[in-house]
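Q: Sharing a structure with you now.
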Amino acid sequence: MVASLAHLLVAASLANVALSTPFTSPVDPINLFRRASSGCSTTGAASCHNTTRETDLCCFESPGGLLLQTQFWDTDPSTGPSNSWTIHGLWPDNCDGTFSENCDPSRDYTDIAGLLTDAGSTETLAFMQEFWVDINGENEQFWEHEWSTHGTCYSTLEPSCLPAGSPKGTEAVDFFNTVVKLFQTLPTFTWLENQGITPTTSKTFTLSELTDALQAESGVIPTFDCDGSTVDQISWYFNLKGSVVDGVFEMIDAPEKGSCPSSGIKYPPKSGRPTATSVTAPTSSPTSSPDGSLPAKATIEAMRSTGTVTGGLLSAGTWSTQTLATYTLSGSVDSFTMTSSKGACGVSGGEFACGSGVSSTTFSAVSSGGNLLLASGGSTSFGSNAVPSGEVQETVFTGSGHADSFTLMIIAS
């Protein structure tokens, strides 16, 4: 049986969610991908917010416009790293609280690992093998279940929405890529830890302690589900602008309550070890040379305002999730220059870049929380107009006046 029966039958009914009553998003929407494959606009109405009938359901998610990113905290037996929740799925509930499942048996694909490998999504597969794991060790069956039960119900993932000539299963690959990317923006374990809540056998928590902690970190209230009094699942809620493939996920408060009691909630530790490839920012890292001086060679990683590390800088100074460039740093933490294989690095007109025609700029480094952060003009704030994905690269700007803000960590190499 895939996962546990209790996990797969978690109730998803939503109370009094009306189409005419807009949800509010207390945090910035999450743009997982630039529009590169669906061709859909992300400037129109979000799902469950339309006031007129939408006809292009390749670019407007309907009827399942209330999306739940569900995560497990499995301890008996333990699954996944001891310092991370794991992926359950991404479910398209209807705006009125109902939901559909198993919408197209003709697309109940098998060998999900093979689909991802053939599509070149090996990084997604490797991540899934650590963070999207079945409680009984049947990962492939678990992934097949999540796709056939929930993935086939997305209107924006219908095969007719794909470009002509797309290989069979392309929409399933898009689904798994999106679920992983979305999960990586939701570091539940770290957010709880930041608020002083860690797994323990010596105390219990109230529901308000858990939800208040995550609201302080994320800006929204999720739902918790419990097995008895032991927490084992969390659900984060979204509306969507555009397609599941490359749309904007707008985070919202949960429109329902989960199954956990109001008090006496147990959050036990997992057995096993913490991950070496955590989805969240490390508390410490080899950011400088052993004697505390500036490293001569380094990669530059991007740590977003959520605490999530997402890629870093390529040799041209652009932000990407591809293999990072190695930079040469010359000087001291108080004043140094940077070069990459493209040439000198500098800031002009608020834009960071590296290349043969770039005028070199002096930078500094600031120690913060065990990390060494790149600073320009004394500020460690950087930003971009979108979050990169796949082969898409984003221009890096100094300051915080852009859609996505982050700091740049100097990692000795």
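Q: Among the residues of segment 383-395, write down those that are among the hydrophobic types (A, V, I, L, M, F, W, C) and touching a Ser or Thr at 6+ places or on another chain (Cβ under 6 Å).
A: Correct list: empty.
Q: Could you list, in sequence order, all residues of segment 153-178 that are within 14 Å of Ile112 (Cα to Cα) and in a helix (DSSP H, G or I)?
A: Thr170, Glu171, Ala172, Val173, Asp174, Phe175, Phe176, Asn177
Q: Of the residues Gly317, Gly357, only one is assigned to a loop (DSSP other than H, G, I, E, B), assigned by TED's automatic domain parsing to the domain that holds Glu394 and modelled with pLDDT of 95 or more; which?
A: Every option except Gly317 fails the conditions.
Q: So, in segment 227-261, of the ones that are surrounded by fewer than 18 Cβ atoms within 10 Å (Cβ to Cβ) and without any contact (Cβ under 8 Å) to a residue 40 or more places away in the chain, which residue ends up nearest to Asp56 (Cα to Cα)?
A: Once the filter is applied, the top-ranked residue is Lys257.
Q: Do any residues in segment 388-407 that are outside the structural domain of Leu182 (by TED's automatic domain parsing) and surrounded by fewer than 16 Cβ atoms within 10 Å (Cβ to Cβ) have Cβ atoms under 6 Å from those of residues that are part of a loop (DSSP other than H, G, I, E, B) and among the charged types (D, E, K, R), where the two are at least six apart or on different chains, and which pairs are they?
A: none
Q: Which of the residues spanning segment 97-124 are in a helix (DSSP H, G or I), within 20 Å of the chain's Cα centre (by Cα) and surrounded by fewer than 20 Cβ atoms within 10 Å (Cβ to Cβ)?
A: Thr122, Glu123
Q: Does Asp56 fit the bill of being over 28 Å from Asp232 (Cβ atoms), of a type in the set (Asp, Glu) and in contact with a Cys (Cβ under 9 Å, 6 or more places away or on another chain)?
A: yes
Q: All but one of (1) free of Cβ contacts under 8 Å to residues at least 40 places away in the same chain; (2) in contact with a helix residue (DSSP H, G or I) (Cβ under 7 Å, 6 or more places away or on another chain); (3) surrounded by 16 or more Cβ atoms within 10 Å (Cβ to Cβ) hold for Asn94; state the number of the condition that does not hold.
A: (2)
Q: Quick test for you: out of Trp85, Trp91, pick the one residue that is closer than 19 Å to His145 by Cα, within 20 Å of the chain's Cα centre (by Cα), modelled with pLDDT of 95 or more and not basic (Lys, Arg).
A: Trp91
Q: Just one of Leu192, Leu186, Leu214 is of a type in the set (A, V, I, L, M, F, W, C), within 19 Å of the chain's Cα centre (by Cα), modelled with pLDDT of 95 or more and in a loop (DSSP other than H, G, I, E, B); which is it?
A: Among Leu192, Leu186, Leu214, only Leu186 is of a type in the set (A, V, I, L, M, F, W, C), within 19 Å of the chain's Cα centre (by Cα), modelled with pLDDT of 95 or more and in a loop (DSSP other than H, G, I, E, B).
Q: Separate question: Could you list, in sequence order, all residues of segment 49-95 that are in contact with a strand residue (DSSP E or B) (Cβ under 9 Å, 6 or more places away or on another chain) and among the charged types (D, E, K, R)?
A: Glu54, Glu61, Asp74, Asp76, Asp93
Q: Could you please find all residues in segment 150-160 being over 12 Å from Phe175 (Cβ atoms) and either buried (at least 18 other Cβ atoms within 10 Å of the Cβ) or among the hydroxyl-bearing types (Ser, Thr, Tyr) (or both)?
A: Of everything in segment 150-160, those that are over 12 Å from Phe175 (Cβ atoms) and either buried (at least 18 other Cβ atoms within 10 Å of the Cβ) or among the hydroxyl-bearing types (Ser, Thr, Tyr) (or both) turn out to be Ser155, Ser160.
The values are calculated or read from the model by the stated rules, or taken from the named source; none is laboratory data. Since the structure is predicted, the reported quantities are computational estimates derived from the model, not experimental observations. Heads up, the Cβs are rebuilt from the backbone with ideal geometry, glycines too, and the neighbour counts pull from every protein chain shown.
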